[in-house]
Amino acid sequence: MTLVRTGSARRAMTTLAAALFFCGPALAFAAGARAVEIENRRLPEFPALSRGWSVIPDVEAWASAHLPLRQYAVRANATLSELLFDEAPSYDTGGAPGYPRVIEGRDGWLYFGDDVTEACRPRWSIAETLERVRRLAEIVRRSGRRFLFTVAPDKTTVSPDRLPDRFPGQACLRERKQEFWTALRTAGLPGFVDLRDRLERAQRESGTPAYWRTDSHWTEHSAGLYGQELAGALQPGLSRDTRLVKTGQAPRNGDLGGLLGIPVEESIDRWRLVRDGVRQVRRDDRELPVSFRVVNQSDQAPLHRPRTLLIGDSFTRNSLPWVVPYFADLTYLRSDAPARTGPDDLVEKVVRSETVVFEIVERYLVGGHAEMLDDAVLAALDEAL
């Protein structure tokens with residue numbers, strides 16, 4: 001009798017587990033759960049079915065990315081891998097088998113695998129990419145507007161000393177980076193602001209890394225330096241009555257631990273930008289998370305008065321508290337906005353501006369993946385301006 005009950009219980013548990021596996025995501029969706037961006041990039045759009053049978057792998061990838069509760073499954077898989085094998089699970093980066101999503105370095109340092117993927121599987125040549133940047137600059141400048149362009153260096157560029165001795169794609173990463181920075185610094189691009197030198201110099205002088213240990217982005221202090229470099233390029237004396245003040249330390253989970261599915265906490269230095277006399281008087285958030293507008297006034301520290309459009313990726317997005325207070329009238333726009341909302345919104349914002357600042361992270365220039373530099377976007381801007 002006991003054996004019968006035990007067998008029945010096992011079958012019941014098996015049935016329940018199967019039901020949860022197959023129906024859990026659907027039940028979660030019905031309850032309001034939605035897929036989230038856990039790979040530092042937008043969720044993929046549903047692929048065009050007109051491609052026939054070749055669309056099947058893309059449909060599978062779309063379904064996997066949009067699966068509700070997926071982030072918890074990734075975390076559970078990572079935890080199990082750490083328990084059984086004492087290492088994080090290995091994930092392929094989409095379209096580039098063999099390149100890691102996250103590179104695990106020495107002393108607990110983590111690096112973003114897209115640095116390697118973009119360098120080893122580029123879409124455009126470096127010459128073509130920089131020519132597209134030049135074309136964008138010339139379109140904006142011909143219209144009578146001011147244009148500034150800057151590159152957020154990869155963590156693997158500024159803080160490479162804790163990379164492992166060997167990892168997939170190491171050779172092409174090193175060669176492509178060297179080619180890129182040599183070409184960039186000799187290209188004479190209009191309005192170019194070199195952040196790499198400032199970050200490396202600050203890192204050497206302070207002995208403090210310019211990037212967080214468990215994150216793909218730079219520190220709050222480096223964000224402050226980014227703001228200072230833009231200010232210096234825009235207007236002499238714009239940094240007057242400005243201070244970067246250390247306010248203590250705090251725990252933080254970096255984005256790279258999340259990509260592995262194992263949140264990793266580190267203690268970070270907190271910094272605040274102080275601009276004497278500057279105060280925010282208006283903010284328009286109606287177009288969040290793609291864009292917003294801020295109006296500042298000041299009775300002491302100077303402000304950049306021309307209406308400014310700041311186009312940037314996650315580096316700028318994370319640095320906004322250390323950048324926005326330099327401007328009297330600033331509109332921020334995500335650099336992937338043309339893919340999200342079409343080029344018309346970008347064109348409208350450029351038309352309303354007098355100064356245009358464009359920031360993009362190194363890896364996506366190295367790989368030739370930048371929505372702002374696509375042919376359709378450049379053509380739309382050229383026609384409108």
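Maximal additional length on extending the residue 305-residue 178 stretch stands at 42.0 nm, based on 0.36 nm per residue less the C-alpha distance.
Rounded if a/c is under 1.5, else prolate if a/b beats b/c, else oblate: with a ≥ b ≥ c from the C-alpha gyration tensor eigenvalues square-rooted, which is region 232-385? Oblate, because a/c is 1.5 or more while a/b does not exceed b/c. Summary value for region 233-339: 25 percent relative contact order, contacts being C-alpha pairs under 8 angstrom separated by 6+ residues.
Annotation: peptides 328-340, 274-286, ranked by per-residue average of other Cβ atoms within 10 Å with the highest first, follow the order 328-340, 274-286. Between residue 171 and residue 197, the contour length at 0.36 nm per residue exceeds the Cα-Cα span by 7.0 nm.
Potential lengthening of the chain between residue 265 and residue 146 amounts to 38.7 nm, from the contour at 0.36 nm per residue minus the alpha-carbon distance. Taken one residue at a time, the phi angles of region 314-330 give Karplus couplings (6.51, -1.76, 1.60, θ = phi - 60°) of 5, 5, 5, 4, 6, 9, 4, x, 9, 10, 4, x, 8, 10, 7, 8, 10 Hz. Gly and Pro are set to x. Tell me whether region 197-288 comes out rounded, prolate or oblate; compute the Cα gyration tensor, take square roots of the eigenvalues as a ≥ b ≥ c, and use a/c under 1.5 as the rounded threshold. Cα axes put region 197-288 in the oblate bin. The distance between label points at residue 235 and residue 204 comes to 3.2 nm (points 7 Å beyond Cα on the Cα→Cβ vector).
Taking a point 7 Å out from the Cα of residue 125 in the direction of its Cβ, the residues of region 153-187 whose backbone N falls within less than 20 Å of it are 172-187. Around the amide H of residue 211, modelled in the peptide plane, lie the amide H atoms of 219, all under 5 Å away and 5 or more residues distant in sequence or on another chain.
Each value in this text was obtained by applying a stated rule to the coordinates, not by laboratory testing. On a predicted model such as this, the values are computed, not experimentally measured, just so you know. Positions of Cβ are generated from backbone atoms using ideal geometry, with glycine treated the same way; all protein chains shown enter the neighbour counts.
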